[in-house]
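For reference, the structure is listed below as structure tokens.
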Amino acid sequence: MPLTATLGPLVRGVVEGLVGSAMMVTSSRNSEIDEIADSAGCRVVVARDWTEGFARAVAISAGAPLLVVDTGVILGQEFWPVLADSLPMLADRPASTAPLRSNRLAEILTMRALRRSRAVSRDQVLLLPGSFARKLAQAKTDPWQHRFDARLEILPVSTRRVPE
């Protein structure tokens, strides 16, 4: 269920031309994963751990920007319009969504804290330019564990996680 909930909203990105192709990184393959991947038009990348799978996905993407989403994270409805509007301004900078908060004040405070720390969590979605993704892959770094510098743009978009 979490995988289907994550992949479903990505279809809109494909339709709007913001997502070229999708890859699913998994440690093992089974008929259920194959069925979900096939229905979502995803390529399955099997790797022993996430960093190896990320590196393979980067190599397959051939320098294209990567949208990195963890299983169970659902994009807010405003994600695609905000991303489309932000792409020209991002240039070659990485970007991240902001975690969902229950009220506007908490969201503003969270955005300020994120701007200072530049840390991200698996509850956020990352947009990585191809060159930046390649550097992380070569260093065998998990993008969610990377400490970003001031160039990380925080997109004013909420995400939420499907309860497990």
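Applying the selection to the range 44-54, what residues are in contact with a Ser or Thr (Cβ under 9 Å, 6 or more places away or on another chain) and either assigned to a helix (DSSP H, G or I) or surrounded by 14 or more Cβ atoms within 10 Å (Cβ to Cβ) (or both)?
Those that are in contact with a Ser or Thr (Cβ under 9 Å, 6 or more places away or on another chain) and either assigned to a helix (DSSP H, G or I) or surrounded by 14 or more Cβ atoms within 10 Å (Cβ to Cβ) (or both): Val44, Val45, Val46, Ala47, Trp50, Thr51, Gly53, Phe54.
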Fill in: Pair list, Cβ under 6 Å, 6 or more apart: the range 63-87 residue β-branched (Val, Ile, Thr), other residue assigned to a strand (DSSP E or B)
Val68/Leu126; Val73/Thr159; Val73/Arg161; Ile74/Arg160; Val82/Leu155; Val82/Val157
Worksheet entry | Cβ-Cβ under 7 Å pairs, at least 6 apart or on other chains, the range 41-53 side more than 14 Å from Ala22 (Cα to Cα) and in contact (Cβ under 8 Å) with a residue 40 or more places away in the chain, far side surrounded by 17 or more Cβ atoms within 10 Å (Cβ to Cβ) and not hydroxyl-bearing (Ser, Thr, Tyr) | Trp50/Val25
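Let's see how each residue does on (1) modelled with pLDDT of 75 or more; (2) surrounded by fewer than 12 Cβ atoms within 10 Å (Cβ to Cβ); (3) over 24 Å from Thr6 (Cα atoms):
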| position | (1), (2), (3) |
| --- | --- |
| Gly72 | yes, no, no |
| Leu75 | yes, no, no |
| Glu78 | yes, no, no |
| Asp85 | yes, yes, no |
| Arg104 | no, yes, yes |
| Met111 | no, no, no |
| Asp123 | yes, no, no |
| Leu128 | yes, no, no |
| Lys135 | yes, no, yes |
Item to complete: Evaluate the following for Thr26: is it of a type in the set (Val, Ile, Thr), without any contact (Cβ under 8 Å) to a residue 40 or more places away in the chain, over 25 Å from Ala137 (Cβ atoms) and surrounded by 12 or more Cβ atoms within 10 Å (Cβ to Cβ)?
Response: no
Response to the item:
Looking across the range 6-36 at residues that are modelled with pLDDT of 85 or more and part of a loop (DSSP other than H, G, I, E, B), the single one that is farthest from the chain's Cα centre (by Cα) is Asn30
Worksheet, complete the sentence: Scanning the range 119-157 for residues that are among the acidic types (Asp, Glu) and in a loop (DSSP other than H, G, I, E, B), the one farthest from the chain's Cα centre (by Cα) turns out to be Asp149
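The values are calculated or read from the model by the stated rules, or taken from the named source; none is laboratory data. In this text the structure is predicted, and so the values were computed from the model without any measurement. With ideal geometry, Cβ positions are generated from the backbone for all residues, glycine too; neighbour counts draw on all protein chains shown.
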